[in-house]
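J.: This is the structure I have questions about; it appears just below.
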Amino acid sequence: MRSFGRPPVPCGLRWPGTPGHGRCRSGLSLWPSSVPGIALCRAPAWAGPGSVTVSAVCQGQEDGERRHQQLLEAVSSLSGRRRRKLAERTEASTQVSEFNVSCKGAGEKLVLSELLQPIRPKSALSTVKKELTKVKQKKAVELPLSKEEAERVVREAAYVRTSKDVGRWQQVVLQNRRAEQLVFPLKQEIATVVPLEQVVSAWKARTPLEQEIFGLLHKTKQPITDPLLTPEETASLQAMSLEEARQRRAELQKARVVQSYYEAKARREKKIKSKKYHRVLKKSKRRKALKEFELLHKSDPEAALAKLEELEQLRMQERMSLKHQNKGKWARSRAIMAKYDLEARKAMQEQLARNKELTQKVRVELPEEEPSDVPEEDLTSETVPTIPVGASGANPWMLGKPSGPAEELKVQEGLENVAVPDAVESKEEMEKDDDEEDMSEEEALLQDFMQKRQVRQQQARSLEEQGADETEAVPELPGDGPIHPISAEDQASVGIEQPPQAQEEILLSEQLGRVQTMDDVDALASEERVEEQEKLVVATAEKPVPARAEKRVQQQEEGRAGDKRAKKPAKKKIISLEAVLAGKPQQVQCPSLPVVVEEEEGGIDQRGVITEAFAGDDVVADFTREKRKAEEAAKPQPVNLVLPGWGEWGGTGLKPSARKIKRFLLKPPPAPPRKDQHLPHVIMSERRNIHAAAHQVSELPFPFERHQQFEQSIRTPVGATWNTQRAFQKLTTPRIITRSGHIIKPLSAEDVPDMATTAGTGAKPALEIVPQRPEPPLCRRRRRAR
Amino acid sequence: ELMIPRNYDPALHPFEVPREYTRALNATKLERVFAKPFLSSLDGHRDGVNCMAKHPKSLSTVLSGACDGEVKIWNLTKRQCVRTIQAHEGFVRGMCARFCGTSFFTVGDDKTVKQWKMESPEYGEEEEPIHTILGKTVYTGIDHHWKEAVFATCGHQVDIWDEQRTSPMCSLTWGFDSISSVKFNPIETYLLGSCASDRNIVLYDMRKSTPLKKVILNMRTNTLCWNPMEAFVFTAANEDYNLYSFDMRFLESPMMVHMDHVSAVLDVDYSPTGKEFVSASFDKSIRIFPVDKGHSREVYHTKRMQHVITVKWTSDNKYILCGSDEMNIRLWKANASEKLGVLAPREKAAMNYNQKLKEKFQYHPKIRRIAQHRHLPKSIFCQIKEQRIMREARRRKELNRRKHSKPGSMPFVSERKKHIVAVVK
């Protein structure tokens, strides 16, 4: 079909060259054409010689017509536009085409050239042509892949996909590898109990014995397969959701925890033995009560009055029972202890203070009648005669009256400053801020004791002459009078530092109490006597002890409990202020002095003995010698390469020449300066100790990058000796914790929260890591450790 | 509880390093003193123990199959055999429990796959398998899917079976040699690994029912085990005395070569924490390797234990079971010096502290010497020595060759790559 795409050929030119146009040749003569060279003869290419004329005659005529028609068409096509004319129906025919085709040539064969006629070569055919050329260019279809190769392709694709899927775990795995601690099983399971019904229903009696037992049971109509829950119960179970139940359980748990916490706290607080803590606690309680009372006073005077009455009641009770006087068994035992035990003394003081407080008469006053300065006097004069003004200033609530006097305080301060500046200073030194109220209490106590002492003095004068301090103290005190408050000066001097004396007073004051059994008296008397004796001993020992020893004693004293040290000089202040001002070292009177002196003497002996024993040893000289030796040894030695005889006279007794020696005696460069050259008491050796080296790490272990890191890790202690309990626990937690009896299941997406979501969707991997190789996890680096 | 107030002033507690060193030394010594890992031996089989299986739900139950076709179920707490089944004619080649623990499968030399109930038969019932599948060829191994009712057998090819059918769902082949072991990945459960006699390890994907990749090693791999905590890691027990841990994404070289055995490694099982694994060897010993270390941290052996054929690490990470040629199953502690039973809090704290101390001072030569000392039977000891000499000779020879050949013509090949022949896509 090569002629298919060919344009209509001008017959005149190409006639001979177009084979297969036999019909034209054999047919009629060429039509004269009006347009020379364009007359066309279209004959079917496939007509071939075999189709030569069937009925030449009739065909000739028809052919003529047709050709005419064709000619017309050709001419019309020349005008450029093709017009398709409707064929006319010129004659009746049996065959009528509905497509406006005349049925002229109905009987004859179709000629391809005619069919091709409407196809315009330029426009529509080009695409077809292109396609045709393409088709021609294409080779034959390739053979399908061999089975192996196809499989291989599939495998590769599958492998890439699978490794991508598996790669999703990369992050999880790395996390687990690096984790400080892993607790297995990763997912803690809640144990579920299989309901009994299920167990029972699955079980059947099979053996004769079982059947027999079953029979017996049936006889007695024991419930076997009864539902274990009543319908109501099941309904309620269904009604209560798991969430709700959990919540409730959590609440209950929390409540229980809180309760137990408070219980524990209360127990703990109850157990605290610290006196101070209890004192502070009590104080805070009291303060709180006072505040409340104040509020009450303002808001509801009647209630306040009632409260005051209550207090009065308490006071009365106390006065009746005398519960807090030093009469009880406990108090007596304390009294014995108090001499040696500071705590006991304090306890006694406290108790007395309590007694005092309780027996104090509370002044009932209504707020509106209360001017600021008047009640002050009243109070001091009437209700609490023995309480010092300073104390009242510092601690107004001790008076049983809420408001505190500011003016009084000022005045008092002024007085203090004028009278004993240094005492004030010392007081300030000693004073701890939290102790203020405490001190005032103590002062109150002191006053009490003084008062009592005075009474006692009147009764028994003989006791006064015992201690120098007491005799000195007494003349000051009587001026104050038993009922009036003592002068500010005195208070200041007494200050906080009173307690030691007061303690002694406690012991004494007990004797002046009410009724005593004989035993009590005996006991106390014996104590008194002991004390006296001690004091006497001290007094006598004072003189013979040399000044140095005295100083020692003082130092020793200072080494003791802080409060004692603080209180000793204060006592002296009471005794004589001049002495304090002069700054002379004063003999401290303490019962342990003789013992100390003895020790002192013993110590001297000891030293003598030791010096005697090591008389020949001169350690310092030995050391310097040793050091010098070490220095010498460390110096680099000259290398002697001098050989006698070469180039010189030989023989016995000849020495190599100086020139030779100079040449062959090699002097090494001087050693760097020694590190211990400025340390006279130290020898530093930098030589490696092979005995120690056997115990040391010679190579830097793997995870460490520098030897400092490693040393640091070794230097940090782990044990509970050096760390707090919490830190110790943290430092020693094991890396992997497993619980015995728990099955550890393989990792699954549910165990890992972020994995679960990605696994659920399936399509999207969280990570795409496939192409990149993870860091070689396990390579070892080795370096020398120094 | 008594709280003693303590003063942590470092001046009051001097010499912390020497003191802790001494404590560490003592702890290490005590660890060695108390290292008595052997707990008991379960005897009752009348032939060598060829395979074992763990119960997925019960820690105290263990199944074992022997070379005479007998299967025994053991109660570990009582250390007694609770049930005996004559399961096959000839060897029991492989066994595995169903993931739910209600039944288990065995394959044997009589070309059958049998499914058995885990519970012992009721009174008067016959001891019979639930299902029996008669195959055309011998099955050499079996493993069950971790979540679905699917299991895989291996022999001439890897077959994947639905439990309900008597013909395999699909058969996977790649090459024509007999496959000795097949294992499902416990995390990505569609993945399978198998090893065959033609020295290769093949991975399969069940979803696409296609093999993925094949690694050919120098020598035959006897079995492999997937890491239960790291989805892409598996360890292969090889004939060449070594174990190889692979990352399945990078099969060109193993992550780690674990060497210490002196004869073919026959079985391997991971600890459930995925941090260690235990291997059984023909050299009559079992060894425990950390996953990230090239050498073992522990070796267990007894005078009477012969070639160890199978080994399992129990699911609570506490014990190791090994079945050996001389018909016994042995129960070991996974941590040789661990005290069994309940520990008082103070005991626990002391134990933790000692552990930390040992870790802290592990690099000190004296402590390391004590911690690393193990007694070995003479045969193993001599073989180790011999192999060391051989290795040294080989190294020397290579060195000399390299010295006398053109520079660059003898490239250095790392130990990891040395054992890999090829990776086939």
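J.: Given a Förster distance of 22 Å, report the FRET efficiency between residue B:219 and residue A:161 from their Cβ-Cβ distance, rounded to the nearest 0.05.
T.: The pair residue B:219/residue A:161 has a calculated efficiency of 0.10.
J.: Please compute the alpha carbon radius of gyration of the stretch B:43-267, then divide it by the globular-protein estimate 2.2 N^0.38 Å. Two decimals is fine.
T.: Numbers: Rg = 17.2 Å, N = 225, 2.2 N^0.38 = 17.2 Å.
Here the answer is 1.00, to two decimals.
J.: Right, something else. I want to check the label-to-label distance for residue B:123 and residue A:684. Put each point 7 Å from Cα in the C-beta direction and report it in nm to one decimal.
T.: 9.1
J.: Quick check: the distance between the Cα centres of the stretch B:36-111 and the stretch B:131-162, to the nearest angstrom?
T.: Using only Cα atoms, the two centres lie 18 Å from each other.
J.: Below 8 Å, C-alpha to C-alpha, sequence gap of six or more: please give me the relative contact order for chain B in percent. Intermediate results must be reported in sequence, preceding the final value.
T.: Numbers: 989 pairs, mean separation 58.0, N = 425.
Rounded, it is 14 percent for chain B.
J.: Output the pairs from A:275/A:339; A:271/A:730; B:275/B:358; A:635/A:660 with a Cα-Cα distance over 21 Å in this structure; if there are none, say none. Write down the numbers at each step before the final one.
T.: Working: A:275/A:339 18 Å; A:271/A:730 30 Å; B:275/B:358 19 Å; A:635/A:660 24 Å.
Where the Cα-Cα span goes over 21 Å, the pairs concerned are A:271/A:730; A:635/A:660.
J.: Quote to one decimal, in nm, the extra length available between residue B:395 and residue B:412 on full extension: 0.36 nm per residue of separation minus the C-alpha distance between them.
T.: This chain segment gains 5.0 nm when fully extended.
J.: From the cross-link list B:114/B:183; B:378/B:417; B:284/B:403, which pairs have alpha carbons spaced over 28 Å apart?
T.: Table pairs above 28 Å Cα-Cα are B:378/B:417; B:284/B:403.
J.: Multiplying the sequence separation of residue A:125 and residue A:306 by 0.36 nm and subtracting their Cα-Cα distance, what value in nm do you get?
T.: Additional length available on full extension: 52.6 nm.
J.: Here's another thing I want to ask about it. Please tell me which of these pairs span more than 19 angstrom C-alpha to C-alpha: A:307/A:346; B:29/B:339; B:54/B:333; B:293/B:425; B:111/B:312; A:276/A:329?
T.: A:307/A:346; B:293/B:425; B:111/B:312; A:276/A:329
J.: Two decimals, Cα atoms only, Kirkwood Rh: what is Rg/Rh over chain B?
T.: In chain B, Rg relative to Rh is 1.02.
J.: Using a 10 Å cut-off on Cβ to Cβ distances, tally the other chain neighbours for every residue of B:356-365 and report the average as a whole number.
T.: Taking all residues of B:356-365 together, the mean is 5.
J.: Output the direction-averaged projected area (hull surface divided by four) of the convex hull of the alpha-carbon atoms of the stretch B:121-161, in nm².
T.: Spelled out: convex hull of the Cα atoms, projected over all directions, averaged, 4.0 nm².
J.: Return A:646, A:722, B:161 ranked ascending by Cβ neighbour count within 10 Å, so the fewest neighbours appear first.
T.: So the ranking, lowest neighbour count to highest, is A:646, A:722, B:161.
Bear in mind that the values in this text are calculations on the coordinates, not laboratory data. Nothing here was measured: the structure is a model prediction, and the numbers come from that model. Because the Cβ atoms are built from the backbone with ideal geometry, glycine has one as well, and the counts that use them run over all protein chains shown.
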